[in-house]
Amino acid sequence: MENTTTLTFTMTAYATLENHKHLFFILFFSLYVAAIFLNILLVTVIHQNKQLHQPMNVFACMLCFNEIYGCSVLLLPVMGVLLSKTHEISVKSCIAQVYFLHTYAASEFCILALMAYDRFVAICSPLHYHAIMTPSKAGKLIAFVGIYPFIVFGCFFSLTLQLSFCGQVIAKLYCVNMELVKNACSNASHISIIGLVLIGFLVFPQLFLIVFSYAQILRVCRKISKESQVIALKTCLPHLCSFLNYSIGSLFEVIQNRFDMSYVAIEARIFLSIYFAVIPPVTNPMLYGLGTSLVRVHIIKLCSCVLSTRSFHPR
């Protein structure tokens, strides 16, 4: 980092939002507050009720913590730069944001894969579920999923940390690794190639596990009654929606980073670029909170208690 000549990057995408920056700030702030509130609410409800201390719900809490992590490292800097006059970010802050955002993205896929495996065991081997998914095994899986993305991406990111930066422009609302590479003083095309290989470690194994799990679930569902099929579908529906929602958002971002999207309206590009770290943190806690009957009952009870306490005013 001693050879770095650029001290700050100018985030040119903010020029598009300049005329309505206060409106966008309110929008981003509202989304952030909603995401934090909904995820903390779900974690609190699961933590307070021992009935919900099952691997499926524990994994849902892990997803909630990752959502808070992701939307915080994206929206907090975005709101700060949005209100600044220069729309600049320091190189060190940009590098930190790259690491945090990419590890959030990788962790999301890992957690979703873990949840798919849990559904596979619960539906395909219901009688042996507790013997297979023991607290010890669940703890080991959580530890592995929690560490794996940070180590794998960290090894790759060490290549970017060796670069010196001469460019000063990032045409996005936030920093990503490809933008850092584009601003390097020397040709760093090898990092782009290695980045594609990295996807093989951070996406494809998880994607394979998810597809395999649901293929087995479908195979089992063909042999059970329609009533049991409906129950299985209700169990899997929140996870399927989360997976598709996040996959679509990630695909938008990958396409924008790898291909020329100048023909698409800048406003649309901005929305699609933040989708993966803004929309899932808001929708996922609602999917797992309202989409799971037992969790939904406890959420309603908690909200009822809070409302009744506030409405009671002793004389």
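The values are calculated or read from the model by the stated rules, or taken from the named source; none is laboratory data. Everything quoted here is computed from the prediction, not taken from an experiment. Here the Cβ is made from the backbone with ideal geometry for all residues, glycine too, and neighbour counts use every protein chain on show. SASA here: full protein model, heavy atoms, side chains in, ligands and nucleic acids out. Shrake-Rupley method; radii C 1.70, N 1.55, O 1.52, S 1.80 Å.
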Counting other Cβ atoms within 10 Å, keep those with at most 10, restrict to DSSP loop, and tell me which chymotrypsin sites (Phe, Trp or Tyr not before Pro) in region 216-262 are left. PHE259
Positive-end extreme of charge dipole, region 3-148 - chosen from LEU63, ALA35, ILE89 (charges on Cβ): LEU63
Förster radius 45 Å - calculated FRET efficiency between LYS234 and CYS155, Cβ distance, rounded to 0.05: 0.65
Can you report the principal axis dimensions of region 191-281 using only the alpha carbons, biggest first, rounded to whole angstrom? 51, 30, 22
Over the chain, what portion of Cα pair distances is larger than 35 Å, expressed as a whole percent? 28
Spin-label pair MET286/SER84, simplified geometry with 7 Å Cα→Cβ offset, distance in nm: 3.2
Once every DSSP H run of n ≥ 4 in the chain is given -39500 (n - 2.57) and the sum is divided by its residues, what mean residue ellipticity at 222 nm do you get, rounded to the nearest 500 deg cm²/dmol? -26000 deg cm²/dmol
Give me the orientation-averaged projected area of the Cα convex hull of region 137-226, in nm², one decimal. 9.3
Taking all protein chains in place and a 1.4 Å probe, what share, in percent, of the accessible surface of region 14-167 do carbon and sulfur account for? 71
Less than 14 Å from a label point 7 Å out along the Cα-to-Cβ axis of VAL211: which backbone N atoms in region 239-259 qualify, by residue? none
Taking the Cα centre as origin and putting +1 on Lys and Arg beta-carbons and -1 on Asp and Glu beta-carbons, what dipole magnitude results for the chain, to the nearest 20 debye? 1100
Under the Cβ-under-4.7 Å rule, which cysteines of the chain stay unpaired? CYS61, CYS64, CYS71, CYS110, CYS124, CYS155, CYS221, CYS236, CYS241, CYS303, CYS305
Could you order HIS102, HIS22, HIS130, HIS298 by accessible surface area, starting with the largest, using a probe radius of 1.4 Å? HIS130, HIS22, HIS102, HIS298
